[in-house]
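Worksheet: one structure, shown below.
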């Protein structure tokens, strides 16, 4: 298995990213359990509800692929988190106002988006080195 051949640093990064993706899945799964699939409680358009609920299934696929097919998992994780953060930022940004007191309230009220942004930064910063290591080990494997 290719994952076993990777440097410990890259393995650790991929495991952390898998945990991040599984955390996202858990968030969506809890929502579905409490509110139902495509719930109106989202107070969001249909395609937004469909996108968020689909992450319940897509996120764990990326998490598993990070371990069993690292190159595919690295790419899928990168694409998912870019789309997710972009989508969520656009939705949350609509509610922001230029009042500085409100901005700090907005930041704390959107703590999950802030966590996603930090995860996106982590995935982005490690993307190139992860792919490089997988390419090197694939050639040896």
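The values are calculated or read from the model by the stated rules, or taken from the named source; none is laboratory data. Computed from a prediction, not measured in an experiment: that's the story for all the values here. Virtual Cβ from ideal backbone geometry, glycine too; neighbours counted across all protein chains shown.
May I ask you to say which residue of 85, 79 is closer than 30 Å to residue 3 by Cβ and free of Cβ contacts under 8 Å to residues at least 12 places away in the same chain? Exactly one of 85, 79 is closer than 30 Å to residue 3 by Cβ and free of Cβ contacts under 8 Å to residues at least 12 places away in the same chain, namely 79.
Which residue pairs have Cβ atoms closer than 6 Å, lie 6 or more positions apart in sequence or on different chains, and pair a first residue in segment 104-126 that is part of a helix (DSSP H, G or I) with a second residue that is modelled with pLDDT under 85? Every condition considered, the pairs that remain are 106/96; 113/92. Does at least one position in segment 127-141 carry a residue that is at pLDDT below 80, loosely packed, with under 12 Cβ neighbours inside 10 Å and at negative phi? So far as segment 127-141 goes, yes, one or more of its residues are at pLDDT below 80, loosely packed, with under 12 Cβ neighbours inside 10 Å and at negative phi.
Looking only at segment 93-126, count every residue that is crowded, with 16+ Cβ neighbours inside 10 Å and either touching a strand residue (DSSP E or B) at 6+ places or on another chain (Cβ under 7 Å) or modelled with pLDDT of 80 or more (or both) and tell me the total.
Total meeting the criteria: 7.
Selection over segment 10-44 of residues that are assigned to a helix (DSSP H, G or I) and without any contact (Cβ under 8 Å) to a residue 60 or more places away in the chain gives a count of 21.
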